[in-house]
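Take a look at the structure set out below.
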Amino acid sequence: MTSTDSTADTTERPARLPWAARTARSAAAAWTAWAATRALLLLCAMRVLVLPGPDVTTDVSVIYQGWAEVLRTGTFPLDDVTWQYPPAAALPVLAPGLLPFLPYATAFFALMLVVDAAALALLLRAGRRPGHRRTGAWVWIAGVALLGPTAYARYDLLVAAVAAAALLAAARRPRTAGALIAYGALLKVWPVLLLAGAPLRGRRARALWWSAAGWGAGLLLAAAVAVPGALCFVGFQRDRGTEVESLGALALHLARHAGWPGEVQLHYGSLEFLGPGVPLVSALALALSGAALAWLVHWRLRTAEFTAATLADAAFTAVLLFTTTSRVISPQYLLWLVGTAAVCLTVRAGRQGLPAVLVLLATGVTLLEFPIHFADVVASTPWGVTLLVLRNGLLVAACLLACRRLRNPGGRGRRAQDAGVPGVRPSLSPAPDAHTPATSR
């Protein structure tokens, strides 16, 4: 080895070590924060620490466990209108049986803890890629913690983790991403919205679409043939009304103070408003969702260039729009937004930072309205209505900002970058003039 080579080696190594050290410290800090917050979540889920309000874990210990007993007989809960989920939802409901030495609810919480850790590991690993960062991992840590024990007392955490994994895999493994999207859609339908920003042209794009369609059709057909009642969820979901936490419910909460004679009752598995005018409010919510779909279609038709961040940004925006305009905004729905927002902030070229912050704030307010002050929400007290106005207002503001940033992705002088997103081609720059000396980039 020459002296020049030796000098080069010694000058290169110190530059690598600080980066490696910073990376290790960042990961260690993330895992420490995750462990601390998840310990609190588990203590709340196990009822060692008890939050005010209703017990959020009864969905697992009563409803999920009851479904599991029916599913073990080889059929879906055909006579239970609270079963409003696609056929793959049977898997997380049956999964606690893998830990027979634990009570059903405890086993379910343990499995959600494992899923939670796996999602964080994926986000931290993705953050090390070129063009990525680890901010998304912190969004995941904070978002799940801010929702409180509800995060572990529903299987939506699994769906959010699958959706995040699909978006992260799309750049390098589009077929895997398509399979994950199909599986997520058969868990809870909404992950089909992850395709909102997927381009149609290009080899990787075709692989993503064909994989999602093929796996989705195959899994759905297999479930429909193998198990009776695989599609019964469609009718149960269609008949749902206006849930007390939804955006449309705000009008009914205010109407109660003006003498409206309606009431709140347990209906199709959630507390909904029943009375005159409720069908109109539900119809308006559906119209808003239709308008959101029309806007997304319009955006797709006008978008000619897909950047490195388009897939994640569009997925986040689509899920945000349909969640906010839904007739039902259950607390666990915020996990859908946290998962997609985490991927948006993992991609450096993403522009959904402020909407993601608003989603985190809305998640924290959601913990206040459910379970802590849920009695106030059900009774339409001024405090309960204020919390709903604040939470839903944050979601509406996030929708408007997300749509604006998705429509104008090149703001602040940013250039489109290709990070291997399916169908994206690097921009073609004019060849340098033969008489112009090359410059470093």
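Which residues, taken from segment 352-382, are over 18 Å from Leu320 (Cβ atoms) and of a type in the set (Val, Ile, Thr)? Show your work before the answer.
Let us first name the residues in segment 352-382 that are over 18 Å from Leu320 (Cβ atoms), namely 367-382.
The answer is Ile372, Val377, Val378, Thr381.
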- [ ] Would you be able to tell me the number of residues in segment 281-312 that are surrounded by 13 or more Cβ atoms within 10 Å (Cβ to Cβ) and among the charged types (D, E, K, R)?
- [x] 1
Task: Qualifying residue in segment 257-273 (condition: crowded, with 18+ Cβ neighbours inside 10 Å, out of contact with any Lys or Arg (no Cβ under 8 Å at 6 or more places or on another chain) and part of a helix (DSSP H, G or I)) - done: no
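Return the only residue of Leu147, Leu208 being more than 22 Å from Leu335 (Cβ to Cβ) and surrounded by 20 or more Cβ atoms within 10 Å (Cβ to Cβ). Lay out the reasoning, then the answer.
On the way: Leu147 fails: more than 22 Å from Leu335 (Cβ to Cβ).
None of the others qualify; the one that does is Leu208.
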- [ ] Restrict the check to segment 44-57 and report whether at least one residue is in contact with a Ser or Thr (Cβ under 9 Å, 6 or more places away or on another chain), open to solvent by 40 Å² or more (accessible area, probe 1.4 Å) and not aliphatic (A, V, I, L, M).
- [x] yes
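Open to solvent by less than 20 Å² (accessible area, probe 1.4 Å), of a type in the set (Ser, Thr, Tyr) and assigned to a helix (DSSP H, G or I): is that true of Thr106 in this structure?
Working: open to solvent by less than 20 Å² (accessible area, probe 1.4 Å): no; of a type in the set (Ser, Thr, Tyr): yes; assigned to a helix (DSSP H, G or I): yes.
Criteria not met by Thr106.
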TODO: Kindly list, by first and then second residue, each pair from a residue in segment 278-305 that is over 20 Å from Thr323 (Cβ atoms) to a residue that is part of a helix (DSSP H, G or I), limited to pairs with Cβ atoms under 8 Å and residues at least 6 apart or on different chains.
DONE: Val278/Leu252; Thr303/Thr310
Task: Count of residues meeting criterion [assigned to a helix (DSSP H, G or I), open to solvent by 20 Å² or more (accessible area, probe 1.4 Å), under 19 Å from Ala255 (Cβ atoms) and free of Cβ contacts under 8 Å to residues at least 24 places away in the same chain] in segment 350-407 - done: 5
Task: Which listed residue, of Tyr152, Tyr85, is in contact (Cβ under 8 Å) with a residue 24 or more places away in the chain, farther than 30 Å from Arg22 by Cα and in contact with a Ser or Thr (Cβ under 9 Å, 6 or more places away or on another chain) - done: Tyr152
Task: Conditions (1) within 27 Å of Asp80 (Cα to Cα); (2) out of contact with any Phe, Trp or Tyr (no Cβ under 7 Å at 6 or more places or on another chain); (3) assigned to a helix (DSSP H, G or I); (4) in contact (Cβ under 8 Å) with a residue 12 or more places away in the chain; number of the one not met by Leu247 - done: (3)
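Per-residue answers, yes or no, for (1) touching a Pro at 6+ places or on another chain (Cβ under 9 Å); (2) in contact (Cβ under 8 Å) with a residue 60 or more places away in the chain; (3) part of a helix (DSSP H, G or I):
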position: Arg172; (1), (2), (3): no, yes, no
position: Gly178; (1), (2), (3): no, no, yes
position: Pro191; (1), (2), (3): no, no, yes
position: Ala196; (1), (2), (3): no, yes, yes
position: Arg204; (1), (2), (3): yes, yes, yes
position: Ala207; (1), (2), (3): yes, yes, yes
position: Leu221; (1), (2), (3): no, no, yes
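The values are calculated or read from the model by the stated rules, or taken from the named source; none is laboratory data. Note that the structure is predicted; figures quoted are calculated from it, not measured. Note that each Cβ is placed from the backbone with ideal geometry, even for glycine, and that neighbours are counted across all protein chains shown. All accessible areas refer to the heavy atoms of the entire protein, side chains included, with ligands and DNA or RNA removed. Shrake-Rupley method; radii C 1.70, N 1.55, O 1.52, S 1.80 Å.
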